[in-house]
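The values are calculated or read from the model by the stated rules, or taken from the named source; none is laboratory data. If you're wondering where the values come from, they're calculated on a predicted model, not measured in any experiment. Please note: Cβ atoms are built from the backbone with ideal geometry, for glycine as well, and neighbour counts cover all protein chains shown. Side chains are part of the model used for accessible areas, which takes the heavy atoms of the whole protein and leaves out ligands, DNA and RNA. Shrake-Rupley method; radii C 1.70, N 1.55, O 1.52, S 1.80 Å.
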Amino acid sequence: MKRYANSTLTGTSSDATEMRTLIIEKIEHYEQRAEDLAKKAQECKDQANGQTLEKDSDQDESSFILESNLSPTSSWEDYHSSRFESSPHGMLIDQQAFHNNKSNDRNNESAVQAAGKATLSLSSAITLDENGEFSTALEHYVVAAHFYSEAVKALSGDIKETGTSVNQVFPAARSNNDLIASLKRKLKMVLDRGEELKKRVASSSGRDHIHVHSKGGGKSSDVNDKLKNRISPKSTQDQFLSQYEIEVLRRSSYMPSGLFLPWSDEEAQSYNYFSSTPSPWVDPDGRLILSDRQKERFYKWARPNEILNMRQGATSSPCKIKMVHSITPFTIKQHCVSDCSFVACLCIAAAFERRFHKRLITSLIYPQDSSGFPLYNPNGVYMVKLWLNGVARRVLVDDLLPVDSMGSLLCSHTNFTLNASNRNILNGDCSLELWVSILEKAYMKLCGGYNFPGSNSGVDLFSLTGWIPERIFFPEDATDVRDFETPVERAWERLYSANSFGDCLITVSTSKELTEEKAAEV
């Protein structure tokens with residue numbers, strides 16, 4: 001492995017050297033770990049051999065009792081196989097107890113056979129269920145339920161006919177009652193899933209007639225139609241949603257700040273962004289509540305071309321409006337809105353996309369060109385993909401942004417090389433880049449306005465990327481690590497490794513009690 005790493009990961013760049021060093025360190029770590037485990041395994045084997053030798057002498061006295069029950073041509077293996085049999089559930093059943101009478105034998109054999117058939121049918125049903133073949137899966141669930149029922153009847157009849165006590169029937173494993181209870185639990189699970197699939201299959205032919213009603217009792221036709229468009233199966237493996245699931249999605253789409261339907265790639269690509277209307281699109285909910293700092297300097301809501309006209313006095317060069325000029329964390333500037341955790345998430349996601357070439361940011365904004373790159377839309381309408389309530393959501397926003405009297409944005413934005421008049425100048429041209437401002441406006445609309453009280457990066461990163469957040473708590477005392485805490489060395493190893501391979505996004509937060517002196521020290 002080391003030779004492979006050295007031969008394949010060639011190059012003199014810092015990234016290649018860092019990757020090669022990390023992989024070699026991991027190989028050495030796991031080699032040492034393997035050696036330690038091999039030593040422990042040998043120690044356990046030696047201890048087991050020693051205990052076996054001690055037990056052999058203790059069993060000599062009792063062995064003649066077993067031998068007296070065997071025929072001269074029998075062996076211990078014959079006796080063991082005749083007395084014990086492996087059940088479908090992986091346990092040993094004492095066959096001597098079942099041979100007390102012929103009824104026990106017949107009932108037990110029937111139960112074992114029925115349980116085995118039920119297990120095979122259940123396995124097939126689950127596989128078909130996962131592949132979306134619900135009708136066929138339902139048939140297998142019915143067969144499994146039938147055989148589980150037969151197994152329960154056989155074992156129940158065994159106890160009723162003989163009146164045998166539980167301890168007599170299963171002295172080496174579990175009681176009939178325990179086995180019956182286990183089979184009944186499986187039977188209930190099969191029946192419940194079968195009933196659910198029965199309703200789903202029955203409603204599949206009439207799913208176009210499902211209606212979702214609003215709280216007031218009337219039909220919410222727009223919500224209903226959009227939800228049905230999002231759940232239309234594109235293949236046999238796609239699972240369409242039940243009426244109850246549609247209702248849950250409908251309710252979760254209503255936020256205090258408005259209606260945010262689940263995301264649809266087809267809608268995002270086919271939406272009429274460049275309509276031939278005489279004036280740009282205006283979002284009826286786009287005039288978001290301003291923060292206190294914005295209110296102090298607010299002049300108007302302005303579109304990008306208006307903003308550049310207000311700044312035109314700074315340069316005579318032609319002005320350019322771009323959705324994205326460069327995805328980089330180094331030009332992002334938080335301004336007038338207390339959303340530092342969200343801006344930090346934008347920085348981390350931009351750095352990730354720049355380093356690993358995975359489209360975390362540029363895949364969120366529509367319209368896009370043929371290569372999937374976000375475009376500036378003179379019509380002023382944008383569709384942004386954000387996650388909330390466990391589902392990717394569609395957020396429509398316009399490009400009306402808050403500015404002061406000089407045309408300076410009163411929201412987060414990108415900041416190129418600045419001239420003395422604090423205007424965005426790029427290579428001598430007046431330029432305005434929109435992706436940060438549009439993403440922030442979409443998220444602030446989702447959260448209720450620019451008067452955002454603040455959040456944490458775990459929540460904000462999920463909303464931005466859909467990645468599941470994990471919080472790591474470090475122990476105050478390295479010698480006393482509690483259950484929910486992670487040792488510092490272990491946490492650093494996980495973070496360093498995952499970050500090197502692009503498997504995680506990391507942000508760091510501080511406590512509110514952080515003093516100025518401590519902040520400067522950090």
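Just to verify a result, which residue in region 229-240, among those that are closer than 30 Å to MET444 by Cβ and within 22 Å of the chain's Cα centre (by Cα), is modelled with the lowest pLDDT?
Taking region 229-240 and keeping what is closer than 30 Å to MET444 by Cβ, we get 229-231.
Now drop any that are not within 22 Å of the chain's Cα centre (by Cα), which leaves 230-231.
Working: ARG230: 55, ILE231: 49.
Ranking the candidates gives ILE231 first.
List the residue pairs whose Cβ atoms are under 7 Å apart, where the first residue sits in region 487-507 and is in a loop (DSSP other than H, G, I, E, B), the second is open to solvent by 60 Å² or more (accessible area, probe 1.4 Å) and aromatic (Phe, Trp, Tyr), and the two are 6 or more positions apart or on different chains.
LEU505/TRP467
Take the residues in region 483-522 that are among the hydroxyl-bearing types (Ser, Thr, Tyr) and open to solvent by 50 Å² or more (accessible area, probe 1.4 Å), then tell me which one is modelled with the lowest pLDDT.
Applying the first criterion (among the hydroxyl-bearing types (Ser, Thr, Tyr)) to region 483-522 yields 486, 496-497, 500, 507, 509-511, 515.
In the following step, the residues that additionally are open to solvent by 50 Å² or more (accessible area, probe 1.4 Å) were identified as 496, 509-511, 515.
Details: TYR496: 88, SER509: 74, THR510: 72, SER511: 68, THR515: 78.
Of everything passing the filter in region 483-522, SER511 is modelled with the lowest pLDDT.
Among (1) farther than 22 Å from LYS322 by Cβ; (2) at pLDDT 95 or above, there is one condition PHE356 misses while meeting the rest; what is its number?
(2)
Test each condition in (1) closer than 15 Å to LYS322 by Cβ; (2) open to solvent by 10 Å² or more (accessible area, probe 1.4 Å); (3) modelled with pLDDT of 95 or more for TRP387 and report the one that comes out false.
Of everything listed in (1) closer than 15 Å to LYS322 by Cβ; (2) open to solvent by 10 Å² or more (accessible area, probe 1.4 Å); (3) modelled with pLDDT of 95 or more, TRP387 misses just condition (1).
Take region 406-446 and flag every residue that is touching a strand residue (DSSP E or B) at 6+ places or on another chain (Cβ under 9 Å), among the hydroxyl-bearing types (Ser, Thr, Tyr) and modelled with pLDDT under 65.
THR417
Any residue at all in region 359-369 that's over 24 Å from TRP467 (Cβ atoms) and either of a type in the set (Gly, Ala, Ser) or open to solvent by 30 Å² or more (accessible area, probe 1.4 Å) (or both)? Can you show your working first?
Taking region 359-369 as the starting set, the residues that turn out to be over 24 Å from TRP467 (Cβ atoms) are 367, 369.
This time we only want the ones that are either of a type in the set (Gly, Ala, Ser) or open to solvent by 30 Å² or more (accessible area, probe 1.4 Å) (or both), so: 369.
Yes, there is a match, as at least one residue in region 359-369 is over 24 Å from TRP467 (Cβ atoms) and either of a type in the set (Gly, Ala, Ser) or open to solvent by 30 Å² or more (accessible area, probe 1.4 Å) (or both).
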